[in-house]
Amino acid sequence: MVKSVDPAILQMVVTSWSKLKEFDDYENVAGQKVMKFLFEKCPKAKPMFGYDLYAEVDDLTSDPKFIAHSKQLITMFDMTFNMMGPDGHLVSEQIKALGEKHVAYGVQAEMFPIMGKALKNMLKEIQGDEFTTELHDAWRSVFGVIAQELMITVLKSKSKKDGVAQQVTNNPVAA
């Protein structure tokens, strides 16, 4: 069962995201801020994007691959927000599919809260005083619902893999 978000809170987030999209080159600017924050706070995310775990974040920001990933990340956020209906419900099958993509990328459940902080940090940097405490809380609520669904998919996948590994370990034929 997918949790819903209050439509008024969702509207605040959608409006905030729409304002972000008015900035020139918003995908690049916003994406780089989010990626940089993510890599600084969660270095183990770097290899998922093809970077060395110990690479200096500032050295990556001019890399064309980093720029492309940054823009793609913002496109993914666009897609995710479009998965929410006007009544605040997530489209569960689409969000599950997105979660499965994250599993394939190697995303771990504990990375989603860091991504949420990265997103809010970026919005605060770009939107400044317009990013009020009320708007911060709205973003936390909306991203929390999305992240929860994604985390459930990641954890279920990990549980299945662990279960299969356990079955293989306990299988005398496989030993």
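Values as computed for the structure displayed
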item: Cα-centre dipole for the range 1-133 with unit charges at Cβ (Lys and Arg positive, Asp and Glu negative), debye to 20; result: 340 debye
item: Probe 1.4 Å, accessible area per residue of the range 1-74, Å²; result: 56 Å²
item: Principal semi-axes in Å for the range 1-157 [√(5λ), Cα gyration tensor, largest first]; result: 24, 20, 13
item: Fraction of accessible area attributable to carbon and sulfur, the range 1-150 (%, probe 1.4 Å); result: 53 percent
item: Restraint check, Lys44/Lys65; Lys124/Lys158; Lys71/Lys156; Lys36/Lys65; Lys44/Lys71, Cα-Cα greater than 24 Å; result: Lys124/Lys158; Lys71/Lys156
item: Potential lengthening between Lys44 and Lys65 on full extension [0.36 nm per residue; Cα-Cα distance subtracted]; result: 5.8 nm
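The values are calculated or read from the model by the stated rules, or taken from the named source; none is laboratory data. Values in this document were obtained by computation on a predicted structure and should not be read as measured data. In this analysis, Cβ positions are derived from the backbone assuming ideal geometry, glycine residues included, and neighbour counts consider all displayed protein chains. The protein model used for the area step is the full one, side chains on, heavy atoms only, and it has no ligands, DNA or RNA in it. Shrake-Rupley method; radii C 1.70, N 1.55, O 1.52, S 1.80 Å.
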